[in-house]
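Trainee: Below is one structure. I have some questions about it.
Readers should treat all values here as calculations from the given coordinates under stated rules, not as data from a laboratory. On a predicted model such as this, the values are computed, not experimentally measured, just so you know. Here the Cβ positions follow ideal geometry from the backbone for every residue, glycine too, while neighbour counts run over all protein chains shown.
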Amino acid sequence: MKQILRLTAAFALCALMAACTTRGIQEPISKTPTMGWSSWNTYSINISDSLIMRQADAMVETGLKDVGFKYINIDDGYFGGRDMESGQLLIHPTRFPGGMKPVVDHIHSLGLKAGIYSDAGYNTCGNYWNRDTIAQNVGLYGHERQDAEFFFNELGFDFIKVDFCGGTAWQNNQRLALDPQTRYTAIHEAIEATGRKDVRLNVCRWDYPGTWVSDVSTSWRISGDISSRWQSVKGIIAQSLYLSAYAFDGHFNDMDMLEVGRTMSAEEDRTHFGMWCIMASPLLIGCDMTNLKPETLQLLLNEELIALNQDPLYLQAYVVRHDGDTYVLAKDLLEREGLVRAAALYNPTDDPIVISVDMAELCLTGEVKVRDLFARRDLVPVAAGGTLSLAVPAHGCRIVRLEAQGRAERTLYEAETAYLSSYQELYNSSVVGSAFYQANDLASGRMVATGLGGTPVNDIRWRNVYSDKGSKYTLTFRCIPNARSVTPAGRMGQASGGSFYVAVGDGEGQMVRLAGTEGVVDVTVDVTLSAGDNEIRLYNDRGAMPDIDCMILN
Ligand code: GLA
């Protein structure tokens, strides 16, 4: 059965790769996270045509192209204003004296792809933050179609990052406060209208913008700007830990451009790169590729780590274990519910520590082969039912590829790994009535989903609840009543910690009512699951729901 699944997956991948033609050239469609280089982290707005072309050459000469780095992305700094009569966007006269076309052509001549940058409003962030005065009226606002035609058909760019300073009132002269969903949807439509099907749009709105974002883009920033400091990297990892449900089907949480090879320690660089790989973030090198330290190049050329990032399942690792301040994250590789998984044992603290994870928590049975992906060597296998324990340095992580003899069905589904249909981080969730994840020491994994219910779309879904053969299960929902959900005792009965409905797929919901009003309260529901993936949805269209800790399958 596993063999058949594996063959089907391989066939689907081949079909996808053969399917697309771009301007006459056969191009494989790749939906994996974008890999490349971007000018911003090292050069800010101080870029030029020759600098960009030298970086493109270096990507080839260093072998980075051969391991999958492909996009050369020109960030802010290339703008030369806009001709207000024709509306034509202008390129900076001294930084790019020959215009953009020769630069894009050079990148393409190396077999690489070219990326560009713009803003959803009138001005760019460099205009505001770096006093790049020429970058006024250069954003896409009101020029979506014209600029898209220029970027993608005339110049031939393959990728665009769209920033939002021009839409954020205090960062633009016009005090425009634009709606991100409306703006990015219009920009997506303008790109579609060019006829190009292979352009990647990166949304740069500095927090997880909302579940609409995967309909209009291939990746989206989830944090403010990265800097070359451990605190910054640690903070971004923390911001992405509970976003795994929103990375799927070739759409990814962008943890920002890499600071690897700049000023952090070798250990911190390894953690930074390794976590970006296993969390399926785009990998955009941010250092000077013409002058790489040997250990930086060795790290960036680590194909075994890159394979986690470019895995055809497009999964972001989720938190399996949270002990003290350390975490274990895991994800399937190659085949869902198969025998191969990747795990990261992550220690963001300032002290070395031993991190352990039971193979049972990872649903792996029989003897488990372990490969250390930084050292690129096999470790001693873990015996059946055993525990993997590894020493992890301060600010460090160990990333392993695990290959087991068997796979058990997952029984614990944490709420913090589930999809909240209204999840967003742009506005105050309590004000707009959208659910979010919250720390709670009573909960397993010390996180809950809260603010659920009240409208049909404010639900929680586990979208991949797997049953090997399909059968009857008892689902236990571990709930924590909250101030909104508790209802006082009515004439007919007891006080309740809240109520909600449980539906499998599109089936009708079964109502459950919590007997207790304090602490952790379990409720159970009997359901029938089909073989393969099932969706379990908890909702309450009108009333507030209790906080959800996790779901346990029996
Ligand atoms: C914003 C983005 C950065 C970079 C700069 C350019 O700050 O978040 O990644 O693109 O703008 O000005």
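Trainee: Apply the Karplus parameterisation 6.51 cos²θ - 1.76 cosθ + 1.60, with θ equal to phi minus 60°, to every residue of segment 151-160 and state each ³J(HN,Hα) to the nearest whole Hz, in sequence, with x for glycine and proline.
Mentor: 5, 9, 9, 7, 8, x, 5, 10, 8, 9
Trainee: Separate question: Short version: ³J(HN,Hα) in whole Hz for each residue of segment 335-342, in order, from phi by Karplus 6.51 cos²θ - 1.76 cosθ + 1.60 (θ = phi - 60°), x for Gly and Pro, what are they?
Mentor: For segment 335-342, the Karplus curve yields 8, 5, 6, x, 9, 10, 9, 10 Hz.
Trainee: Next question. Run down the aspartates and glutamates and flag those whose C-alpha is under 12 Å from the C-alpha of residue 101, throwing out any fewer than 8 positions away in its chain.
Mentor: 49, 154
Trainee: Taking a spot 7 Å from the Cα of residue 430 along the direction of its beta carbon, which residues of segment 185-209 have an amide N less than 16 Å from it?
Mentor: Residues passing the 16 Å test: none.
Trainee: Near the amide H of residue 505, under 5 Å away, which other amide H atoms are found, from residues 5 or more places off or on another chain, if H is placed in the peptide plane?
Mentor: 535, 536, 537
Trainee: So which of 197/293; 65/197; 31/65 end up more than 26 Å apart by C-alpha?
Mentor: Numbers: 197/293 37 Å; 65/197 23 Å; 31/65 17 Å.
Going by Cα-Cα distance, 197/293 fall outside the 26 Å limit.
Trainee: Determine which lysines satisfy two conditions relative to residue 469: a Cα distance under 23 Å, and not lying fewer than 8 residues away in the same chain.
Mentor: 2, 331
Trainee: Compute the label zone of residue 389 within segment 351-369: residues whose backbone N is under 12 Å from the point 7 Å along Cα-to-Cβ.
Mentor: Under 12 Å, as judged by backbone N against the label point of residue 389, lie 354-358 of segment 351-369.
Trainee: Suppose R0 equals 45 Å. What FRET efficiency, 1/(1 + (r/R0)^6) with r the Cβ-Cβ distance, do residue 207 and residue 84 give to the nearest 0.05?
Mentor: Details: r = 33 Å, r/R0 = 0.74.
FRET efficiency, residue 207 to residue 84: 0.85.
Trainee: Report, as a whole number in µm² per second, the diffusion coefficient that Stokes-Einstein gives for the chain at 25 °C and 0.890 mPa s using the Kirkwood radius over alpha carbon pairs.
Mentor: Details: Rh = 24.9 Å.
Taking Rh from Cα pairs, D becomes 99 µm²/s.
Trainee: Still on this structure, please answer the following. For residue 392, enumerate residues with amide H under 5 Å from its amide H, sequence gap 5+ or separate chain, H modeled in the peptide plane.
Mentor: 353, 354, 355
Trainee: Order the peptides 270-279, 80-89 from the highest to the lowest mean number of other Cβ atoms within 10 Å of their residues.
Mentor: Details: 270-279: 25.9, 80-89: 13.6.
Packing order, densest peptide first, comes out as 270-279, 80-89.
Trainee: Another question, then. Over segment 412-553, what is the mean sequence separation of C-alpha contacts under 8 Å (at least six apart), divided by residue count, expressed as relative contact order in percent? Write down the numbers at each step before the final one.
Mentor: Details: 380 pairs, mean separation 49.5, N = 142.
The value is 35 percent.
Trainee: Could you run the Karplus curve 6.51 cos²θ - 1.76 cosθ + 1.60 with θ = phi - 60° over segment 450-458 and give me ³J(HN,Hα) per residue in whole Hz, x for Gly and Pro?
Mentor: The phi angles translate into 10, x, 7, x, x, 9, x, 8, 9 Hz.
Trainee: Quick one: Debye curve from the C-alpha atoms of segment 35-221, no solvent, what's log10 I(q)/I(0) at q = 0.10 Å⁻¹?
Mentor: Log10 of I(q)/I(0), two decimals: -0.36.
Trainee: Hey, what number do you get for the chain at 222 nm if only DSSP H runs of n ≥ 4 count, each worth -39500 (n - 2.57), divided across all residues, to the nearest 500? Working shown, then result.
Mentor: On the way: 13 runs with 114 residues, N = 554.
Computed mean residue ellipticity for the chain: -5500 deg cm²/dmol.
Trainee: What's the extension gain from residue 146 to residue 526 if we count 0.36 nm per residue and subtract their Cα-Cα distance? Spell out each step's value before the answer.
Mentor: On the way: separation 380, 0.36 × 380 = 136.80 nm, distance 5.62 nm.
Here the segment from residue 146 to residue 526 would lengthen by 131.2 nm.
Trainee: Based on the alpha-carbon gyration tensor of segment 213-257 and its eigenvalue square roots a ≥ b ≥ c, which shape applies: rounded if a/c is under 1.5, prolate if not and a/b is larger than b/c, or oblate?
Mentor: Cα axes put segment 213-257 in the prolate bin.
Trainee: Now for a different question. Could you tell me the relative contact order of segment 35-221? Use alpha-carbon pairs under 8 Å, at least six residues apart, and round to a whole percent.
Mentor: Values: 355 pairs, mean separation 33.2, N = 187.
The value is 18 percent.
Trainee: Enter the angle in degrees (range 0 to 90, nearest 10) between the Cα long axis of helix 266-278 and the first principal axis of the Cα atoms of the chain, meaning the one along which they spread out most.
Mentor: The helix 266-278 is inclined about 70 degrees to the chain.
Trainee: So for segment 412-553, Kirkwood radius off the Cα pairs, Stokes-Einstein at 20 °C and 1.002 mPa s: how many µm² s⁻¹?
Mentor: Values: Rh = 15.1 Å.
Calculated translational D: 142 µm²/s.
Trainee: Residue 254's amide H: which non-local residues (gap 5+, or another chain) put their own amide H closer than 5 Å, with H modeled 1.01 Å from N in plane and none for Pro or chain starts?
Mentor: 220, 221, 222
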